[in-house]
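The values are calculated or read from the model by the stated rules, or taken from the named source; none is laboratory data. All figures in this text were calculated on a predicted structure; none of them were measured in a lab. Here the Cβ is made from the backbone with ideal geometry for all residues, glycine too, and neighbour counts use every protein chain on show. Only protein heavy atoms, including side chains, enter the accessible area calculation; ligands, DNA and RNA are left aside. Shrake-Rupley method; radii C 1.70, N 1.55, O 1.52, S 1.80 Å.
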Amino acid sequence: MAIVDEETRQTILRKTWCHGQAVLPVYSIVLVVWWWHLEARPLALVLAALVLPVWSWYSYHAVLVIDRNGTLPYGKICGFGVAAMLSHVLVFAVAIRELSDTAHMLMTIASALFFIETGAFLLVVTLFRHEIVSPQNEPLNSDADGLC
């Protein structure tokens, strides 16, 4: 017995993905620009700028456009999600070193918010992991087949 119906489940998944994961490619560009203007230029920011857009793409395709056989790669989602959360922690650690600078303060706030949003997305995927796959083994979002 499902906790929520399929339409509500899809809405919850889409909303939690859109609130934190959809903007990560743009955030990565901001990270690179910020890295360029820093004196120390920590490699952690480049690593985060590489991981986060890939996570954004993978999280969308893994959950909202399920592969052809209808399975959810839950282990890969959680593993990659933890890597994305660690990337947010790295950005937070770099930004918090000098809070007197406005850019550092904004990046501290952004990284903390993205950390929370990624955690919320992983929580929703965890709660719905047994219900995400449709009984007919077809993708839940069949209108997005062209995106795979």
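Accessible surface of residue 100, taken over heavy atoms with a 1.4 Å probe and every protein chain present, rounds to 110 Å². Cβ-Cβ distance of residue 33 and residue 105, R₀ of 22 Å, FRET efficiency by 1/(1 + (r/R0)^6): the value works out to about 0.85. Give me the log10 of I(q) over I(0) for the range 1-127 at q = 0.10, 0.12, 0.13, 0.22 Å⁻¹, as the Debye formula computes it from C-alpha points; what are the numbers? Normalising to I(0) and taking log10 leaves -0.34, -0.47, -0.54, -1.23. Solvent exposure of residue 4, expressed as accessible area, is near 40 Å², computed with a probe of 1.4 Å over the protein chains only.
State the percentage of accessible surface on the range 1-118 attributable to carbon and sulfur atoms; use a 1.4 Å probe and exclude ligands, DNA and RNA. Carbon and sulfur together cover 72 percent of it. Label reach from residue 74 (point 7 Å along Cα→C-beta): in the range 1-38, amide nitrogens under 15 Å belong to 1-3.
Taking all protein chains as they are arranged and a probe of 1.4 Å, the heavy atoms of residue 91 leave approximately 0 Å² accessible to solvent. Here the gap between residue 57 and residue 23, fully extended at 0.36 nm per residue and compared with their Cα-Cα distance, gives a gain of 11.2 nm. Using the Cβ-Cβ distance between residue 47 and residue 7 with R0 = 35 Å, the FRET efficiency computed as 1/(1 + (r/R0)^6) comes to roughly 0.35. When 72, 127, 90, 13 are compared by accessible surface with a 1.4 Å probe, the order from highest to lowest is 127, 90, 72, 13.
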